[in-house]
Each structure stands twice: as structure tokens, then as C-alpha cells.
Amino acid sequence: MSGVKETDLNKFPSDLSHPEAGTSFLPPATRPTSDIRKPANEVMQRAMSSAKNEERHIFDNSIVFIVVKDHILTSTCRHADGVECQLCLYEKELKLPHLPEMIFPNNTLTILLKSHPNEFFIQFNTFDALKRVNATAAPDVQVGPSAVWKEARKDAHIKESEHPYDWTYTSDYDGTLGPYVQVEPTEERIDLEKLKRKDPIHFYAQLSLYEDELHDHGIAEMTIRVRVMPTCFFVLCRFYLRIDHVMVRVCDTRLFGEIGQDYVLREWSLREAKYAELSPQDLENVLDPNVIWQALPLLTVKSTKLYPSK
Ligand SMILES: [Zn+2]
């Protein structure tokens, strides 16, 4: 790998707005089939073809990173050519009484293998992330927040009769896999020491999928960062929840790949603590997810190896 050459980028033929490439945006085969597929696919396709900002990078002449950043979901319904608008799609399919305040419906990180140019290997997209938010049960938050939330609900004039849902927008989303990807559980962990090395960074991007300020009682957000170095790459998709004076939660999906390795290591983890469990110094850092995550007890971790099938 000798850095990005403009010519390499232009040579790569993947055109995501091509009709045949549309299948790339289907949910993985392991998820239940539903009517969502078709409209979601159409909307995704349209979104991709009109994307405002797209960056590409090729790693090791074999793995392509595509970052798309676009506008926020508009709050008005607009239908063109009889195709359902994104707002309707999100409202109808997610069944959440309230969507997060900020949704970036077209923001995506797509990782493609040049050997499989028409389907992605793994993608992180907002719709699939929000599909993992519980739309039928209140969040499992025991101490304090009920009072905090009662206050917030009052602020928002939310009716008590409204059906319960996870107003923290917690999502255990760990990416959407392409149909040819094989998943194997592993005990292997990502070596974070490798990532602390001062390797030159050939490509870096960060993007937001969604965000909600919990009516000024904290924040719930999902963001993605990708970093490509000469011999390895690292992706972090992070859900960060802070309910002020109550609790902090971080759900991280990390991807790590390196030259000479025929799989991508994916690690999903859940960390959380109540304010009462944090030291005074940690409490000073609760506003910064990049710092506080390390102070939170690790509750769950699961690693998988992602292989392209032969
Ligand atoms: Zn609409």
C-alpha cells in the first residue's frame, strides 16, 4: 500500500447509483424479510444518486471505503414519482412515537471488496441503526430517569397515554452485512495498542447517523469514525447516551483489518455506569464520549470474524 493515487480511485468501477447495485442496500439475509425492503431500497438508491458529499479511499488495493455525508432528514413530507419520502418511511417503518431530533438518513459508511464490486461487505446506515431501537417498551433505566423523564415528558407535552418506546434511542446496531459475508464467533480481541501507534493516517472521516438531546436532559447519538493507516484500518461506530445526573452508556462497534489477514475483526461492546458509580474525576469527563468510555465498566463484549465467502 503506497497511499492513495487519484488514478486508482477513478479506475474503480463501482457505481452505487447503478440499478444493479441497488441490492447492496438491502438488509442482510439474516434479518426477517418484510415490505420495508423495496421502499427502503428505492429510497437508499435515490439518496445515493443525489448524495452531497462522497469520499472514497482504497486500502491495500482491495478494500474500498466510501463515506457519504448528506443533509438532515427534513420534517416535511415530499413525494415525487409516487415514491414514499424518507420521513414517511422512517415514521411508518420504525414505529417510534418520536424520531430522534436529528437524523441523517443518507449518511453511510460502506466497505466494499474489489472482488465483490456490486455488493457491500459491511455498511453502517442510519435506517438500519434505528431499526434496532425498541419501539414497544420503555428503556430499562432503573434509577432517577423516570423522574427526569417525567419532567422531560412534561416539557415535550407528551401524552401519558402514548405507547412506551425506548426514548434513549439505544441501538445495538453493529453494521449491515452483505449477503456473501460469513460470520464466525471468536475470542480474538482488537489490539488497541496497535491503534495507539503513530502510523501515518491515509484516510480519516467521521459522520453522524442520528442525535437527540432528550429534551435537554442529556444526549443520545450514534457516530462513526474511520481511520486507514498504511497497514491496517479501524472503524468505530459509537452509540453514546448520557442522561444528565443519572447514567452514561456507550455501545461501540469496532472493525479492524490489516494487510495479510483474510478477515475483518468486529467487536461489539456495551459499557455503562450510573453517575453514582463514577469517581469525581470521571464525572468531569462524562460530557466527552472519547474519554469517558474507558471509565465505564464493560458489561458485554462479543467478537466476530467477518469473511467473504469464496
Ligand atoms: Zn412522505
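For the range 201-220, what are the residues that are modelled with pLDDT of 95 or more and either surrounded by fewer than 16 Cβ atoms within 10 Å (Cβ to Cβ) or out of contact with any strand residue (DSSP E or B) (no Cβ under 9 Å at 6 or more places or on another chain) (or both)?
Within the range 201-220, ILE201, TYR204, GLN206 qualify.
Quickly run through the range 174-215 and pick out the residues that are within 21 Å of the chain's Cα centre (by Cα), polar (S, T, N, Q) and over 17 Å from VAL235 (Cα atoms).
Within the range 174-215, GLN182 is the sole residue that qualifies.
Residue-wise test of (1) loosely packed, with under 15 Cβ neighbours inside 10 Å; (2) among the basic types (Lys, Arg); (3) at pLDDT below 95; (4) within 23 Å of PRO139 (Cβ to Cβ).
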| site | (1), (2), (3), (4) |
| --- | --- |
| HIS163 | yes, no, yes, yes |
| THR170 | no, no, no, yes |
| THR176 | no, no, no, no |
| VAL181 | no, no, no, no |
| PRO185 | yes, no, no, no |
| ILE190 | no, no, yes, no |
| MET222 | no, no, no, yes |
| LEU236 | no, no, no, no |
| TYR240 | no, no, no, yes |
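The values are calculated or read from the model by the stated rules, or taken from the named source; none is laboratory data. Just so you know, these numbers come straight off a predicted model, no measurement behind them. Here the Cβ is made from the backbone with ideal geometry for all residues, glycine too, and neighbour counts use every protein chain on show.
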